[in-house]
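Have a look at the structure below before the remarks.
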Amino acid sequence: MNATSASPAPEGTPAPTPGRVVLLTTSHRVAPGLLSWPAWQALRDADRVLCADGTHPQLPYLQEAGIQVDEASPTAEELVAACAGGHTVVVIASGEGEPALTDGLARLAGSGRVQMPELELLPASYDLPGARLLDLVQVMDRIRAECPWSSQQTHKGLAKYGIEEAYELVEAIEDGDRDELREELGDVLLQVVFHARIAEEDPDTPFSVDDVAAGIVTKLIHRHPHVFGDETASTPEEVKAHWLRTKAEEKRRTSVTEGVPMGQPGLALAAKLASRVRTAGLEVPLPRGDDGIGYELLALAVRAEADGVDPEAALRAAGRAYRDAIRERERERERERERETGTGTGTEG
């Protein structure tokens, strides 16, 4: 980029109008060409539009709109000089945000020797909530294609990891660890995206992560008529009634036990069945059998569910207390051994 020096004007002559530099940033998560109205105005009103990257995805759309873009990578001094006389120069930032240029402009401004143009950072497109999920999908797609381990995985092979991650998420929630919670939510999300990526390759019934998202969106809207429809609900109980009614219409099940995964942990299974029975208003006596312990546990789980207690969570809490007691006893035993060793050493000789 050819430009004159950015040195101050001689004493006694009027200082030139400093002009304006607009650093235009865009998000790669938004389709190229979808720019904000202020961004289009800045591009159309600019005296020059510069971009260091000749392959920038926005360039074809700007050219289609009749905006001339010069491929150039000016220094901070050259850019300031180009703005002299009141000119406006728009710099279309690359994905890295032009750190060398902005650092150079900051140094010039801090020197106090140069009359600086007006500097403006103008986001031309914004990430919507959830935009980083697009990054996750892209990263997963590349890993599936290039990683020797990930490229060989199947739904069945990954199933155990989904269970493990779900339990680790529950543990983070129960421990109240916010950093761990965020990480474990990411691990659970990875399982969803990984399975969806594998599903794309199915020769008979492929589907993608977009299909997964579309399905749950449709389900949520349908099961929340009090939010997206004409129904009303002012209490959690009314919301649950809406949910159960619409779910029954969707599934058209012949038994309240349908849809209850029998492979889940025993206490959770018993509590889920008890919940279904209670919701349906059925009177079902608890079965009895030769395995007394199993049926006793069943009765405890049913009682817990009736009292509003999650038996799995309650047992985990008791298990953690038991773990702490074990560790404390181990520490006590270690201290006893140290005392015994110290006494024995002191009596030698």
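The values are calculated or read from the model by the stated rules, or taken from the named source; none is laboratory data. As the structure is a prediction and not an experimental result, all values here were calculated from the model. Quick reminder, even Gly has a Cβ in these numbers, built from the backbone with ideal geometry, and neighbours come from all protein chains shown. Note: accessible area is taken over every heavy atom of the protein model, side chains too, but ligands, DNA and RNA are not part of it. Shrake-Rupley method; radii C 1.70, N 1.55, O 1.52, S 1.80 Å.
Does at least one position in the stretch 191-214 carry a residue that is open to solvent by 40 Å² or more (accessible area, probe 1.4 Å) and small (G, A, S)?
yes
Out of the stretch 165-189, which residues are surrounded by 12 or more Cβ atoms within 10 Å (Cβ to Cβ) and over 20 Å from A318 (Cα atoms)?
The answer is E165, E180, L181, E183, E184, L185, G186, D187, V188, L189.
Within the stretch 45-55, restricting attention to residues that are under 17 Å from S27 (Cα atoms) and touching a helix residue (DSSP H, G or I) at 6+ places or on another chain (Cβ under 9 Å), which residue is least open to solvent (accessible area, probe 1.4 Å)?
My answer is C51.
Restricting the search to the stretch 16-44, which residues are among the hydrophobic types (A, V, I, L, M, F, W, C), open to solvent by less than 40 Å² (accessible area, probe 1.4 Å) and assigned to a loop (DSSP other than H, G, I, E, B)?
Residues satisfying the conditions are V30, L35.
Looking at the stretch 225-236, is at least one residue among the hydrophobic types (A, V, I, L, M, F, W, C) and either modelled with pLDDT of 90 or more or open to solvent by 70 Å² or more (accessible area, probe 1.4 Å) (or both)?
yes
Take the residues in the stretch 87-110 that are over 34 Å from the mean Cα position of the chain (by Cα) and open to solvent by 40 Å² or more (accessible area, probe 1.4 Å); name whichever of them is nearest to A39 (Cα to Cα).
Step by step, filter the stretch 87-110, then rank; the result is H87.
May I ask you to list the residues in the stretch 65-75 that are touching a residue at least 60 places away in the same chain (Cβ under 8 Å), open to solvent by less than 40 Å² (accessible area, probe 1.4 Å) and of a type in the set (G, A, S)?
A72
Table: residues versus (1) modelled with pLDDT of 90 or more; (2) hydrophobic (A, V, I, L, M, F, W, C); (3) closer than 30 Å to K240 by Cα; (4) touching a Leu at 6+ places or on another chain (Cβ under 7 Å).
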site	(1), (2), (3), (4)
L267	no, yes, yes, yes
A274	yes, yes, yes, no
G292	no, no, no, no
A299	yes, yes, yes, yes
E305	yes, no, yes, no
R329	yes, no, no, no
T341	no, no, no, no
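Among the candidates D135, D179, which residue alone is among the acidic types (D, E), more than 21 Å from P261 (Cβ to Cβ) and at pLDDT 95 or above?
D179 is the lone residue from the list that is among the acidic types (D, E), more than 21 Å from P261 (Cβ to Cβ) and at pLDDT 95 or above.
H242 passes all but one of (1) within 30 Å of the chain's Cα centre (by Cα); (2) in a helix (DSSP H, G or I); (3) surrounded by fewer than 12 Cβ atoms within 10 Å (Cβ to Cβ); which number fails?
Going through the list (1) within 30 Å of the chain's Cα centre (by Cα); (2) in a helix (DSSP H, G or I); (3) surrounded by fewer than 12 Cβ atoms within 10 Å (Cβ to Cβ), H242 breaks only (3).
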